[in-house]
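Remarks on the structure that follows.
The values are calculated or read from the model by the stated rules, or taken from the named source; none is laboratory data. Being a predicted model, the structure only gives us computed values, none of them experimental. Here Cβ is always computed from backbone atoms with ideal geometry, including for glycine, and neighbour counts include all displayed protein chains.
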Amino acid sequence: MRRDRHAENRALAADVERSAERSFRGWDARRRLSIRDGSQSTPSLSLYLQEIQRVPRLPRDEALALAREVRRRAEALRSALAAIPEARRALGEDACAGPAPSDTEPLLRVVADLPELGVDPTAPAARRVARAAARHRRAKERLVLHHLRLVVACARGFEGRGVPLVDLIQEGNLGLMQAADRFDPDRGAGFSTCAVWWIRKRLERATREQPRTVRLPSHVCDLAGRFLRTREALRTRCGREPSRGEIAVAMGISGEAVDRIAQALTDCVSLDAPPLAPGADPLRERLADPAARRPDAGVARRFARHALEARLAGLDTRERHVLGLRFGLGGRPALTLRETGRVLGLSAERVRQLEERALERLRRRPELAALVSSLEAADDL
């Protein structure tokens, strides 16, 4: 099974390398200067492609030999750091023992932090570390430089997914550098086979994360990729749009999780985005606020409030105070009979009598019915 997988990876790497050769073989300077990245021309990309075209592709044996040299330089750098007690403590005992390191980033960070750790840069041990780091960097740069065209060939397969080609090449170069660190030449596979996997991994993550206005976590992006692949497979198999339950069963998750993934994949729309139809209003002007009141509602309420104040003016001062406290007029909270009596220094029964007398006087006026109807109409707006 592992042999078959290695064979498939080698075939994929060979196809990518042949595609890279075809891409660079037929390009002249005029065509390279006309490369488009979205809607803007990118002469810097053309110059970059011209530069990497001058670097020949390494044969398989030479690439393996150079990868072994990178591995040896990384081991030498770790040994030089382990000879310094401060660096050894910063790395940890586990990192200073065992096989050659597959990730040199911790080593390079400790090299940069040696002065902060109290190590004299002019000391012999520090000089050995600096020489080992420089040799490792030169070997890794050579390995990466001879495979930059592989990155361009992989990046071209991811065009049209919302990420500019320049950004795709940069992400692919990061994957290539990861491959240079993690490649084990003793496993029998070629470096291009390993590099294609790491390059495509970085490109797939970039096309999932970068085009979005709101960045999604990596595990959500992985679930979204599974969701899209599952939905497309079910659509091809059934000949129709699959339901939420079918996608949930195929992915082995709940229907609520499917809804959350679908919602996360929804694109953001700017309120200031230009309208699609000429002469139409922008989206900000066409979206209604359900919590906002209509302008005529405020006018109607102000009119009703002035009319109510005019009607209450016909009552005596004590009756106006009782109605204002009991019904919360003037923006105040409504009070109970006992609370109103406490404010006015009256008993609850006396407050009830004053309230009844005031309401009875208001009911005798015919214009009160129009006032109540206007208040009800204003509340409905």
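Mind checking which residues of segment 54-75 are in contact with a Lys or Arg (Cβ under 7 Å, 6 or more places away or on another chain) and in a helix (DSSP H, G or I)?
Residues satisfying the conditions are Leu66, Val70, Arg73.
Go through (1) in the same structural domain as Pro43 (by TED's automatic domain parsing); (2) farther than 30 Å from His136 by Cα and name the single condition Ala153 misses.
Only one criterion is unmet by Ala153, namely (2).
Given the structure, is Arg202 closer than 30 Å to Ala63 by Cα and under 19 Å from the mean Cα position of the chain (by Cα)?
yes
Those residues that are β-branched (Val, Ile, Thr) and over 14 Å from Gly225 (Cα atoms), I need them from segment 254-280; list them, please.
Residue satisfying the conditions is Val269 alone.
Do we find that Ile169 is within 25 Å of Val269 (Cβ to Cβ), at pLDDT 90 or above and not basic (Lys, Arg) in this structure?
Spelling it out, it is not the case that Ile169 is within 25 Å of Val269 (Cβ to Cβ), at pLDDT 90 or above and not basic (Lys, Arg).
Every residue, every condition in (1) crowded, with 16+ Cβ neighbours inside 10 Å; (2) closer than 18 Å to Thr266 by Cβ; (3) in contact with a helix residue (DSSP H, G or I) (Cβ under 7 Å, 6 or more places away or on another chain), yes or no:
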{"position": "Met177", "(1), (2), (3)": "yes, no, yes"}
{"position": "Asp181", "(1), (2), (3)": "yes, no, no"}
{"position": "Ser192", "(1), (2), (3)": "yes, no, yes"}
{"position": "Arg200", "(1), (2), (3)": "yes, no, yes"}
{"position": "Glu204", "(1), (2), (3)": "yes, no, no"}
{"position": "His219", "(1), (2), (3)": "no, no, no"}
{"position": "Phe227", "(1), (2), (3)": "yes, yes, yes"}
{"position": "Arg231", "(1), (2), (3)": "yes, yes, yes"}
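Give the residues of segment 189-209 that are within 14 Å of Leu143 (Cβ to Cβ) and not in a helix (DSSP H, G or I), sorted by residue number.
Correct list: Gly190 only.
If the requirement is being at pLDDT 75 or above, in contact with a Gly (Cβ under 9 Å, 6 or more places away or on another chain), farther than 30 Å from Gly162 by Cα and in a helix (DSSP H, G or I), which of these qualifies: Arg361, Arg338, Arg302?
Arg361 is the lone residue from the list that is at pLDDT 75 or above, in contact with a Gly (Cβ under 9 Å, 6 or more places away or on another chain), farther than 30 Å from Gly162 by Cα and in a helix (DSSP H, G or I).
Residues in segment 117-137 that are under 37 Å from the mean Cα position of the chain (by Cα) and either of a type in the set (Ser, Thr, Tyr) or at pLDDT 85 or above (or both): how many?
Adding up the residues that qualify gives 4.
Cβ-Cβ below 6 Å, separation at least six or inter-chain, first residue in segment 171-192 and in the same structural domain as Arg205 (by TED's automatic domain parsing) and under 17 Å from Arg60 (Cα atoms), second part of a helix (DSSP H, G or I) and among the small types (Gly, Ala, Ser): which pairs?
Here the result reads Leu176/Ala195; Ala179/Ala195; Phe183/Ala67; Pro185/Ala67; Phe191/Ala63; Phe191/Ala67; Ser192/Ala13, each pair linking segment 171-192 to a residue that is part of a helix (DSSP H, G or I) and among the small types (Gly, Ala, Ser).
Quick one: in segment 86-112, of everything that is surrounded by 12 or more Cβ atoms within 10 Å (Cβ to Cβ) and more than 25 Å from Gly175 (Cα to Cα), which residue is modelled with the highest pLDDT?
Glu86
Are there any pairs, at least 6 apart or on different chains, whose C-beta atoms fall under 6 Å, with the first in segment 271-300 and among the small types (Gly, Ala, Ser) and the second modelled with pLDDT of 70 or more and not in a loop (DSSP other than H, G, I, E, B), and if so, which?
Final answer for the pair search is Ala273/Leu283.
Which condition breaks for Ala134 when tested against (1) free of Cβ contacts under 8 Å to residues at least 12 places away in the same chain; (2) under 19 Å from Tyr48 (Cα atoms)?
The failed condition is (2).
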